[in-house]
Amino acid sequence: MNSGTSKLSVILPARNEVDSLRKLLSELVKHCGKAEVIVVNDESEDETEELLFKYDIKVISNPCPKGNGTAIKIGSRNATGDILFLTTPAIIFLIGLISEQLTVLLYLKVTRTD
């Protein structure tokens with residue numbers, strides 16, 4: 001397997017998450033460069049949707065709230081990456097951890113023997 005061809009897709013369900021997304025998206029775009037970022041807007045009633053269209057990311061809008069589980073499934077089905085990173089905007093963490101986790105995932109993919 002060639003780890004150089006692996007692509008990361010970051011999938012975020014969102015309902016009324018404008019404040020969390022404002023912090024998270026700028027960091028994701030800055031630190032995850034070529035990763036595909038997919039946000040599934042679960043009929044937010046705040047300014048979430050307006051914020052999403054300010055970024056070069058894939059936005060999917062649910063016509064009615066379906067919950068995080070369904071939003072993650074929808075995002076996963078629309079992802080083009082072979083590595084999916086599922087999280088929620090409310091989890092504001094050290095964004096550098098994504099690159100560390102990706103390194104581990106790529107190592108496991110390359111060294112897997114089955």
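The values are calculated or read from the model by the stated rules, or taken from the named source; none is laboratory data. None of the values given here were measured: they were computed from a predicted structure. Note: ideal-geometry Cβ built from the backbone for every residue, glycine included; neighbour counts use all protein chains shown.
Have a look at Ile74, Ile11 and point out the one that is touching a strand residue (DSSP E or B) at 6+ places or on another chain (Cβ under 7 Å), without any contact (Cβ under 8 Å) to a residue 60 or more places away in the chain and not in a loop (DSSP other than H, G, I, E, B).
Ile74 is the lone residue from the list that is touching a strand residue (DSSP E or B) at 6+ places or on another chain (Cβ under 7 Å), without any contact (Cβ under 8 Å) to a residue 60 or more places away in the chain and not in a loop (DSSP other than H, G, I, E, B).
Can you tell me how many residues in the stretch 16-41 are charged (D, E, K, R) and at pLDDT 95 or above?
0
Using beta carbons and a limit of 8 Å, which pairs, at least six apart or on different chains, have the first residue in the stretch 24-38 and at negative phi and assigned to a strand (DSSP E or B) and the second one surrounded by fewer than 17 Cβ atoms within 10 Å (Cβ to Cβ) and of a type in the set (S, T, N, Q)?
From the stretch 24-38, the pairs are Glu36/Thr80; Ile38/Asn78.
Could you check, for the stretch 52-62, whether at least one of its residues is assigned to a helix (DSSP H, G or I) and either at pLDDT 90 or above or surrounded by 14 or more Cβ atoms within 10 Å (Cβ to Cβ) (or both)?
There is at least one residue in the stretch 52-62 that is assigned to a helix (DSSP H, G or I) and either at pLDDT 90 or above or surrounded by 14 or more Cβ atoms within 10 Å (Cβ to Cβ) (or both).
Name, by its number, the condition in (1) touching a Ser or Thr at 6+ places or on another chain (Cβ under 9 Å); (2) surrounded by 17 or more Cβ atoms within 10 Å (Cβ to Cβ); (3) closer than 21 Å to Asp82 by Cα that does not hold for Lys7.
Unmet condition: (2).
Quick one: Glu47 ticks every box in (1) at pLDDT 95 or above; (2) over 19 Å from Ala90 (Cβ atoms); (3) of a type in the set (Asp, Glu) except a single one, so which number is it?
(2)
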